[in-house]
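The values are calculated or read from the model by the stated rules, or taken from the named source; none is laboratory data. What you are looking at is a predicted structure, and each value in this text was computed from that prediction instead of being measured. Using ideal geometry, Cβ is built from the backbone for each residue, glycine included, and neighbour counts are taken over all protein chains shown. Surface areas here come from the heavy atoms of the whole protein model, side chains and all, with no ligands, DNA or RNA. Shrake-Rupley method; radii C 1.70, N 1.55, O 1.52, S 1.80 Å.
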Amino acid sequence: MSETSDAFDLVVIGAGPGGYVCAIRAAQLGMRVACAEERETLGGTCLNIGCIPSKALLQSSENYSRVQHALAKHGITVGDVTFDLSQMMKRKDEVVSANVKGIEYLFRKNGVTWLKGRARIAGQGLVDVAGKLYQAKHIVLATGSESTPLPGIEIDEKTIVTSTGALSLERVPKQLVVVGGGYIGLELGSVWSRLGAAVTVVELQERLLPTMDAELAKQAERILARQGLKFRLNTKVLASERTNEGVALRIAPGNGGPEEEIRAEVVLVAVGRRPFTNGLGLAEAGVRLNAGGRVETDDQFRTNVPGIYAIGDLIRGPMLAHKAEEEGVAVAEILAGQAGHVNYNAIPGVVYTWPEIASVGKTEEELKAEGVDYAVGKFPFSANSRARTMGDLDGFVKILAERGTDRILGAHIIGPDAGTLIAELALAVEFDAAAEDLARTPHAHPSLNEAVKEAALAVANRAIHI
Ligand code: FAD
Ligand code: NAD
């Protein structure tokens, strides 16, 4: 039997980007806030085993690749280039550690109480954390997600790994098979390919990155294939078997071709993530889930149970850290009586390969399906002077604008720093800007952003530099 303890205006369950941001914003707004987190450190999937460690390894491996392949053209000669994987991993861990400690500092600064341990809804306005009961006027569920398993493929995080294992391999595998050509497959596939693994990505669909614009995905496939990644699209993994050297996978092409066996020292399963609700007491509390197992919420983040809200990977929408953060802020403001709101159309998605792949708003496929009349403005980085000085000529900016109103409906970039460039387009979508607004905005020269301006000009067929 739990003993009753403190009372809070808000108890947030989960300290990932959704939960910790919600807790801080609610505390800023004057609420008495606690955040329950069972992990040893704050920051959730993103800071501990997601965004941050993956970007640290992407940066290290990209540096290594650039020294090997990009410096000679600049007239820079280096001797034998080697790398120390354990130092790379140590640096990654230090980056993670600094980030998660930063959240502890922010909790202290804002007076958020960290309730350490696993939390469970224990009744109306009650949360149990590690056997202790807390009263909560409001409860926000932010327990995030976990890797989706593949039937017949047993994860051991050594030979058959999820992203978590793939972020901590002790040596570079000779061959890495990645199941799933989405965000994780391409990012972590790139890391290990740059470090010397022969990487094959097996993807069920006929294309990579199924949620992104198809033209972007096609270009990504071409560029990454040139970097050495191999792709088996429209292919299904049927079974796996452990061998002395690693794993043998039986795969079948979707076009009815013959089954094949491929062997790998390590297999990374990256076929998506599913909401994490284990032990949260949702069924007992009567919280309704949708068909995909996500917690059902309305546009105010309310579940069907009064006083219980949910945000982040746990609810509908893209599983992205900044989406979770926006929802965390919005729900805190709603609880404080303000008008919290998230513009889902303006949430960018970025794949941090090199070149980066970034999107915001509608894809061409979505606009076609919705019967929207749109114009396309495209501009290649090969015609951008800054990209030329950098020697990064791959990719393009593509802007989709509604015919008649000229309103920007979507933008898709593959190219150098696409993840930074997309911010201008997210702002354009947020402000309901027309392509002409961007086209008439002065952009510094020479800058990569000029490719955005030129794509906006190209919507009305008046690009200057192509
Ligand atoms: P989470 O971050 O998953 O946090 C939930 C927290 O709740 C966890 O710490 C968990 O321990 C805790 N918890 C769960 N149940 C309980 C309980 N009952 N009691 C107490 N605590 C509990 N997104 C991006 O935008 N950019 C990226 O570059 C990016 N890279 C990624 C790379 C990888 C390898 C992965 C796996 C994900 C990546 N993501 C990225 C996605 C991003 O990590 C998630 O969208 C984000 O973390 C979701 O935030 P959240 O707050 O909803 O949940
Ligand atoms: P994903 O949804 O991005 O990609 C999964 C891929 O696996 C899809 O292409 C899908 O068609 C394919 N797939 C599904 N079942 C399959 C099967 N049986 N065999 C082969 N392929 C199969 O998911 P992910 O890469 O696992 O990443 C999970 C989520 O984490 C992402 O959707 C994203 O929201 C988030 N994430 C974001 C970033 C970022 O923002 N840079 C990075 C990593 C992860």
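Some points to look at:
- When residue 384 is tested against (1) free of Cβ contacts under 8 Å to residues at least 40 places away in the same chain; (2) among the polar types (S, T, N, Q); (3) open to solvent by less than 10 Å² (accessible area, probe 1.4 Å), just one condition goes unmet, and that condition is (1).
- Qualifying residue in segment 38-50 (condition: more than 22 Å from the chain's Cα centre (by Cα), hydrophobic (A, V, I, L, M, F, W, C), within 13 Å of ligand 1 (Cβ to nearest atom) and closer than 21 Å to residue 134 by Cα): no
- Odd one out for residue 31, checked against (1) touching a Leu at 6+ places or on another chain (Cβ under 9 Å); (2) under 16 Å from residue 324 (Cβ atoms); (3) surrounded by fewer than 21 Cβ atoms within 10 Å (Cβ to Cβ): (2)
- No other residue among 58, 106 is farther than 30 Å from residue 341 by Cα, within 15 Å of ligand 1 (Cβ to nearest atom), of a type outside the set (Val, Ile, Thr) and assigned to a helix (DSSP H, G or I) apart from 58.
- Residue in segment 301-322 that is part of a helix (DSSP H, G or I) and over 30 Å from residue 61 (Cβ atoms) present: yes
- If only residues of segment 254-275 that are near ligand 2 (Cβ under 9 Å from one of its atoms) and in a strand (DSSP E or B) are counted, the one that is nearest to residue 152 (Cα to Cα) is 269.
- Residue pairs meeting the criteria (Cβ under 7 Å; at least 6 apart or on separate chains; first touching a residue at least 40 places away in the same chain (Cβ under 8 Å), in segment 221-236; second outside any helix (DSSP H, G or I) and more than 10 Å from ligand 2 (Cβ to nearest atom)): 223/355; 223/394; 229/199
- Residue, farthest from ligand 2 (Cβ to nearest atom), within segment 127-141, restricted to residues that are in contact with a helix residue (DSSP H, G or I) (Cβ under 8 Å, 6 or more places away or on another chain) and open to solvent by less than 10 Å² (accessible area, probe 1.4 Å): 140
- Restricting the first member to segment 175-196 and to residues that are touching a residue at least 40 places away in the same chain (Cβ under 8 Å) and within 17 Å of residue 218 (Cβ to Cβ), and the second to residues that are away from ligand 1 (no atom under 11 Å from the Cβ) and of a type in the set (Asp, Glu), the beta-carbon pairs closer than 6 Å and six or more apart or on different chains are 181/203.
- Of the set (1) touching an Asp or Glu at 6+ places or on another chain (Cβ under 9 Å); (2) assigned to a helix (DSSP H, G or I), all apply to residue 207 but (2).
- Members of segment 154-199 that are within 12 Å of ligand 2 (Cβ to nearest atom) and hydroxyl-bearing (Ser, Thr, Tyr): 162, 163, 164, 183, 190
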